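The values are calculated or read from the model by the stated rules, or taken from the named source; none is laboratory data. Predicted model only: the values in this text are computed from it and were never measured. Using ideal geometry, Cβ is built from the backbone for each residue, glycine included, and neighbour counts are taken over all protein chains shown.
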Amino acid sequence: MKCLIIGLGTFGSTLATDLTNKGHEVMGVDHVEQRVEDIKDNIAVAYIMDATERVALKQLPLSEMDCAIVCIGQSMDNSLRTVAALKELGVEKVYARAIDATHQSILQAMQIKEIFIPEEYAARIFAQKLVENE
């Protein structure tokens, strides 16, 4: 599977590395140069780019990607702009991280089928571990 991951903070870079380790081809994008530098040797290719800009995204081989995963977690605006640009460019499978319930609701209205809030998921897993270890 070929995946485009946009947003290479803790969540995005961990996802990118794990997918690569499982044999998938990952292209990573972030506007922060240091994040790209930190991961570039661990995934197929990494670009410094502002993914909110449709013109920038058009330079990527989007038609070769099986999916795009928007992992932007600090700016709802940047996340939504990126998702909208990907959809406008014809990317069929777009998954997105939501910051909160409002963000999740907007992504649902944009017809994003897979939406995840990593903090909620991690909290549920941790709560389960605590209960099991009582």
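Against the conditions (1) loosely packed, with under 13 Cβ neighbours inside 10 Å; (2) of a type in the set (G, A, S); (3) closer than 17 Å to L8 by Cα, G90 satisfies every one except (3). With respect to the conditions (1) small (G, A, S); (2) assigned to a helix (DSSP H, G or I); (3) over 14 Å from the mean Cα position of the chain (by Cα), G12 falls short on a single one, namely (3). Residue pairs whose Cβ atoms lie under 8 Å apart, sitting 6 or more positions apart in sequence or on different chains, and linking a residue in the stretch 19-36 that is more than 11 Å from I5 (Cα to Cα) and touching a residue at least 24 places away in the same chain (Cβ under 8 Å) to a partner that is charged (D, E, K, R) and surrounded by 11 or more Cβ atoms within 10 Å (Cβ to Cβ), are V36/D30.
In the stretch 76-83, the condition of being outside any helix (DSSP H, G or I), among the hydrophobic types (A, V, I, L, M, F, W, C), under 16 Å from I6 (Cα atoms) and within 14 Å of the chain's Cα centre (by Cα) is met by no residue. On the stretch given as the stretch 17-54, residues that are part of a helix (DSSP H, G or I), at pLDDT 95 or above and within 20 Å of A85 (Cβ to Cβ) total 2. Of the residues in the stretch 95-109, at least one is modelled with pLDDT of 95 or more, of a type outside the set (A, V, I, L, M, F, W, C), under 13 Å from the mean Cα position of the chain (by Cα) and surrounded by 13 or more Cβ atoms within 10 Å (Cβ to Cβ). When each of R35, R54 is tested for being basic (K, R), more than 17 Å from T10 (Cβ to Cβ) and either touching a helix residue (DSSP H, G or I) at 6+ places or on another chain (Cβ under 6 Å) or surrounded by 14 or more Cβ atoms within 10 Å (Cβ to Cβ) (or both), the lone residue that passes is R54.
Within the stretch 94-134, track down each residue that is over 27 Å from D66 (Cβ atoms) and in a helix (DSSP H, G or I). Reasoning before the result, please.
Looking only at the stretch 94-134, we keep the residues that are over 27 Å from D66 (Cβ atoms), and these are 100-102, 123-124, 126-134.
Matches in the stretch 94-134: A101, T102, A123, R124, F126, A127, Q128, K129, L130, V131, E132.
For first residues located in the stretch 111-134 and farther than 18 Å from Q74 by Cβ, partners that are charged (D, E, K, R) and modelled with pLDDT of 95 or more and lie 6+ apart or on another chain with Cβ distances below 9 Å form the pairs Q111/K87; I112/K87; K113/K93; E114/K93.
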